[in-house]
Amino acid sequence: MFKRGNKSLFLWRSVRNYQLPGVVALLGLVIFVALLYTLCIGENSASDKSNNDHATERVDYQVLPNPTVEIVKETQVIWQIPSDPKAVLLIAHGCGGSALNFWDRCPGCPNCVGLPEEKQIVLDALAEKFSVIVITSTDVCWSYGKDGLRVKEIMTWWLEKQDLVKFPLVGLGASSGGYFLSVLATEVRFRGIVLMIACGLFDKMDSIPDNYPPTLFVHMPKDVKRGRRINRHIEMLRKKGVETREIKCIEFPVTSHWLGDRVEGLNQTTSSRLFELFRSRGFIDAKGYMKNDGRVTPWREALKQSDIVLPYGSKFMHHIEEELNLAYAYHEMTSLQSDQIFEWLKTHL
Ligand SMILES: *[C@@H]1O[C@H](CO)[C@@H](O)[C@H](O)[C@H]1NC(C)=O
């Protein structure tokens with residue numbers, strides 16, 4: 001099930017046990033880098049050996065956040081269009097999410113909060129020449145009854161206004177947004193959809209339409225129950241002749257520089273101190289793995305009791321929690337698989 005990624009993890013663990021300083025440090029570095037590239041294992045319905053090779057060929061790019069924010073039909077809509085768009089990507093966030101999470105605070109969006117995974121997905125999409133549009137749900141979570149018609153109308157209006165009607169449309173929905181997107185795709189013509197940490201509502205549909213778009217499940221197998229439902233739904237879709245693909249994201253060890261690397265504005269000194277605090281409080285095990293999800297780990301209390309001062313007060317709390325959740329790999333947005341996701345989407349335009 002875990003193939004390549006797990007092998008690297010295993011190797012990493014066993015190498016650590018030898019404690020031969022020089023060689024191990026070098027080997028550790030090499031394996032750590034390899035590990036970063038194999039955090040997730042793509043698994044194709046057909047065989048796709050080149051799957052992970054793309055990860056090492058990341059193009060060098062510079063995309064600046066430059067979104068437009070508008071209230072349309074009492075709904076917050078934020079978008080950014082690259083210089084030479086090739087396709088359109090609609091993103092649906094998870095429960096409690098918002099379009100504001102997908103861009104850093106900037107002149108075009110002074111209220112944006114730029115959560116690390118969300119904003120990276122957008123930057124990766126823009127670099128791949130996708131026009132990105134994110135719509136905020138009416139309630140905390142999506143409901144098709146409340147949001148379905150509204151999103152369809154907003155998309156029609158926006159695609160026409162931006163002269164993007166002729167471009168292929170794809171979608172990415174996370175968690176609640178994934179459920180929503182799976183239903184929206186029965187009515188709106190997508191070339192492909194990505195359901196992230198979501199299994200979709202296929203078992204609730206009267207029938208899956210014949211022309212249902214190819215579907216990529218990006219999920220975290222540690223969530224066993226969801227994994228089982230995804231397997232059932234993949235079977236349902238395959239029986240209908242719908243192309244499916246699966247990318248499994250597994251846990252990985254946190255390092256002293258992890259938070260500093262991922263959360264812009266959090267320096268490496270603070271990152272190391274947080275890491276040491278979390279380790280001393282037993283939130284992280286000897287090998288660097290999170291023992292539990294960030295949401296249920298009392299790290300905020302530990303931080304309050306410590307003398308660590310975060311820049312900008314509490315601005316980064318959500319950012320830190322997201323990265324801890326990601327490392328634990330049970331239920332979180334992830335941009336670590338962007339290469340594979342956009343490679344897959346591009347083959348369906
Ligand atoms: C790192 O950030 C903290 C908190 O904002 C600050 O107090 C400290 O001076 C910074 N350290 C360096 C080396 O920049």
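The values are calculated or read from the model by the stated rules, or taken from the named source; none is laboratory data. Since we're looking at a predicted model, the values are computed, not measured. A quick note on method: Cβ atoms are made from the backbone with ideal geometry, for glycine too, and the neighbour counts reach across all protein chains shown. Remember, those area values only see protein heavy atoms, side chains included, never the ligands or the DNA or RNA. Shrake-Rupley method; radii C 1.70, N 1.55, O 1.52, S 1.80 Å.
For a straight C-alpha distance cut-off of 26 angstrom, the lysines reachable from K204 (same-chain residues fewer than eight places away being disregarded) are K146, K152, K222, K225, K239, K240, K248. Between the listed residues A125, L169, L159, the Cα displaced farthest toward the positive end of the dipole of region 110-171, a dipole computed from Cβ unit charges relative to the Cα centre, is found at L159.
Within 10 Å, count the other beta carbons around each residue, average over each peptide in 200-209, 305-314, and list them highest first. Kindly include the intermediate steps, with their values, before the conclusion.
Details: 200-209: 14.9, 305-314: 10.8.
Most protected by this proxy first, the peptides run 200-209, 305-314.
In summary, the aspartates and glutamates within cross-link reach of K73, defined as a Cα separation below 12 angstrom excluding same-chain residues under 8 places away, comprise D147, E153.
Here the accessible area of region 145-222 is 51 percent carbon and sulfur, with a 1.4 angstrom probe and all protein chains present.
Under a 1.4 Å probe, what is the accessible area of region 258-349 per residue, stated in Å²? Write out the running numbers ahead of the final one.
Values: 4120 Å² over 92 residues.
In whole numbers, region 258-349 has 45 Å² accessible per residue.
For region 205-349, the dipole from Cβ point charges (+1 on Lys and Arg, -1 on Asp and Glu) about the Cα centre works out to 460 debye, to the nearest 20. List the trypsin sites (Lys or Arg not before Pro) within region 248-304 that DSSP assigns to loop and that have no more than 14 neighbouring Cβ atoms inside 10 Å. Answer in residue order: K287, K291, R295.
Counting only protein heavy atoms and a probe of 1.4 Å, the accessible surface of region 258-328 is 49% carbon and sulfur. Sparsely packed loop sites in region 86-192 (the trypsin sites (Lys or Arg not before Pro) outside DSSP H, G, I, E and B with at most 14 other Cβ atoms within 10 Å) comprise K86, R105, K166, R189.
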